[in-house]
Amino acid sequence: MSTIIEEGGCPYRPRRRIGAGAHGEVWLAEGVDETGRGDMVALKRAHGEAGRAHLLAEARILQRVRHPNLVQLRGVEQNGSWLALEHVPGRPVHRWAIGQSLRARLELLAQVAEVLHHLHQHGVVHGDVKPDNVIVRADTNQPMLIDVGVHAGTPGYAAPEQLVGATISMSWDVYGLGALGYRLIAGTPPFPTPDPAAQVWLPVHSLPLPPSATVPRIPERLDELLLQLIARHPAARPTDLRSVAALLRQSADGEPRRPLLGMAGLRRQLRQRLISAAIEGSPQFIAIIGPPRSGRSAVINEVLAAAQRERLPIWQVDPEMALRDILTFCEAGPSALSINADHPDAQDLHRAMLATWLPGLILMPSQERLPWIHPNDQFEIPPLEPRTVRRLLSLAGLNPDHARDITRMTRGMPGLVEDHILRQSLPSDLSPLERSLLMATRLEPRPVHTLAMRVGVGEHDLLDIADPLIDRGLLIEAEGGRCLRAVPARMVAPNRSRSSATADG
């Protein structure tokens with residue numbers, strides 16, 4: 001039970017300082033009289049009037065909100081000069097997570113989601129969810145949330161709207177939970193930079209890499225859930241943290257997302273252009289230059305997925321679509337779309353968007369530079385470096401020492417590198433038709449009739465080829481059996497420890 005102490009005395013003797021902040025200092029202290037002799041507490045001492053008000057506010061929250069994962073109040077002086085909390089022997093969650101299984105990390109993260117949900121049910125916003133504010137008990141591995149109601153936010157974990165001074169919102173905690181989860185899964189915060197100014201600027205003006213760019217083996221639905229939690233727009237984030245807790249527990253299983261590595265600078269630029277275009281209201285017409293199999297489609301699809309996550313309409317323009325229909329789509333509001341450079345109305349679309357200043361991001365794959373687009377708006381797909389190819393080989397369980405030879409042979413083109421790796425990693429006993437079918441479905445689900453034409457057999461014969469591949473777990477049915485897709489897990493090596501390297505590194 002907590003105790004309110006009359007002004008003038010503190011029943012706890014400080015032993016050593018264990019923390020400090022804007023509002024005061026935190027000491028490990030020991031009880032010295034009948035109120036808590038021998039009881040070790042975390043004793044907060046306030047600095048000034050603002051510090052005392054802060055401690056009193058925290059005490060009021062902890063007096064009315066109780067939860068097994070929430071630190072308990074031991075005592076507070078009525079003028080707020082000090083506050084005593086239970087001492088939690090343990091480690092900050094990011095240190096605890098080292099070496100833990102994915103399932104253990106997700107279970108702990110789910111418990112954090114549940115205590116945040118409990119706070120929200122009582123109208124309380126934590127406001128500073130970060131690794132140092134989640135202590136894992138040494139004896140039970142139970143996470144304990146501390147520093148409730150701080151609302152200060154810490155760069156790296158604070159929501160974009162929090163960084164620019166928006167009104168306090170529960171969505172802050174949703175973002176903080178996602179940033180914490182990103183750190184526990186990927187080994188870095190969403191924007192891993194040591195520059196304090198960049199820690200404030202990037203969440204507002206850009207979007208993070210998918211966690212799978214750092215840890216390619218994580219399940220696809222976990223990758224997507226973490227990105228939803230740290231969506232830049234508050235309305236795009238989940239609102240029910242109890243449901244999020246259940247999803248976190250469920251997401252330990254499932255197929256991994258196909259890794260997209262390398263091209264870090266280009267991908268960073270495109271994420272920032274997306275924010276400028278679709279969220280800050282300026283037209284951005286970007287040409288993505290590279291030959292077939294250079295990775296153009298993969299990069300464009302990543303940007304379109306990010307736009308959709310931010311609740312923006314996306315569209316891949318059909319070659320037969322008329323200019324008027326495309327402009328109607330763009331005039332409806334900020335959007336993101338892809339249109340091929342050889343579309344007959346591509347140049348007119350570019351001219352019309354600039355003339356009317358329509359907000360949106362237009363991505364245009366092209367094999368060569370376009371004279372009617374400004375050079376600063378044209379980005380050539382860079383080849384993969386040998387170190388990235390080496391990493392892809394390691395993920396596939398192949399010999400990474402061949403990275404330089406493969407890079408030279410494929411000219412570092414991501415599609416050709418992936419083709420080479422997939423061919424090498426497929427079982428040796430496959431027939432030529434089985435290999436052709438798996439290669440044709442390596443990037444995305446494809447309709448059975450399309451595959452039949454590509455492989456050169458009838459639809460019934462194709463299904464006969466597919467059945468044993470499905471039985472072996474190399475191929476799966478998608479979209480109700482209308483499509484087939486190669487299992488992405490065959491692209492990665494099983495039972496390998498998670499990597500701490502990043503695609504931007």
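Remarks
- Label corresponding to Cα extents along the principal axes in Å when calculated from the structure given, among (1) 75, 54, 42; (2) 60, 51, 45; (3) 87, 58, 42: (3)
- Spin-label pair residue 60-residue 204: with each label point 7 Å from Cα along the Cα-Cβ axis, the two points sit 3.0 nm from one another.
- A simple spin-label model places pseudo-atoms 7 Å from Cα toward Cβ; at residue 95 and residue 369 they are separated by 5.3 nm.
- Gap separating the Cα centres of the stretch 113-127 and the stretch 291-359, nearest whole Å: 40 Å
- Segment residue 423-residue 331, length gained on full extension (0.36 nm per residue, minus Cα span): 28.6 nm
- Here the accessible area of the stretch 385-469 is 51 percent carbon and sulfur, with a 1.4 angstrom probe and all protein chains present.
- Helix 241-250 and the longest principal axis of the C-alpha atoms of the chain enclose an angle of approximately 60°.
- Given 16 as the ceiling on other Cβ atoms within 10 Å, longest exposed-site-free region of the chain for chymotrypsin sites (Phe, Trp or Tyr not before Pro) in DSSP loops: 1-356
- A straight chain from residue 354 to residue 141 at 0.36 nm per residue would run longer than the Cα-Cα distance by 71.0 nm.
- Averaging the sequence gap over all C-alpha pairs within less than 8 Å and six or more residues apart, then dividing by the number of residues, gives the chain a relative contact order of 10 percent.
- Take the chain with all the other protein chains still there, run a 1.4 Å probe, and you get 45 Å² of accessible area per residue.
- Summed over all non-identical Cα pairs, the Kirkwood treatment of the stretch 267-416 gives a radius of 16.4 Å.
- Fraction of accessible area attributable to carbon and sulfur, the stretch 230-352 (%, probe 1.4 Å): 50 percent
- Three-way shape call for the stretch 332-401 based on the alpha-carbon gyration tensor, with the a/c threshold at 1.5: prolate
- The translational diffusion coefficient of the stretch 165-241, from Stokes-Einstein at 10 °C and 1.306 mPa s with a Kirkwood hydrodynamic radius over alpha carbon pairs, comes to 123 µm²/s.
- Calculated FRET value between residue 454 and residue 121, using beta carbons and R₀ = 56 Å, to 0.05: 0.55
- Proximity of backbone amide H atoms, modeled 1.01 Å from N, is registered between residue 24 and 47 at under 5 Å, excluding neighbours fewer than 5 places apart on the same chain.
- The chain - share of DSSP beta bridges that are antiparallel (%, nearest 5): 65 percent
- Separation between Cα centres of the stretch 134-193 and the stretch 376-443, rounded to whole Å: 37 Å
- Cβ-Cβ distance of residue 479 and residue 132, R₀ of 35 Å, FRET efficiency by 1/(1 + (r/R0)^6): the value works out to about 0.20.
- Exposed loop sites are taken as GluC sites (Glu not before Pro) in a DSSP loop (any state but H, G, I, E or B) with at most 14 other beta carbon atoms within 10 Å; the longest stretch of the chain without one runs 35-279.
- Residues of the stretch 179-211 with amide N under 17 Å of the 7 Å Cα→Cβ point at residue 152: 196-197, 200
- Remark: the chain carries a charge dipole of roughly 1220 debye about the Cα centre, counting +1 on each Lys and Arg Cβ and -1 on each Asp and Glu Cβ.
- Each label point was placed 7 Å from the Cα along the Cα-to-Cβ direction; for residue 431 and residue 240 their separation is 4.9 nm.
The values are calculated or read from the model by the stated rules, or taken from the named source; none is laboratory data. Values in this document were obtained by computation on a predicted structure and should not be read as measured data. Please note: Cβ atoms are built from the backbone with ideal geometry, for glycine as well, and neighbour counts cover all protein chains shown. The protein model used for the area step is the full one, side chains on, heavy atoms only, and it has no ligands, DNA or RNA in it. Shrake-Rupley method; radii C 1.70, N 1.55, O 1.52, S 1.80 Å.
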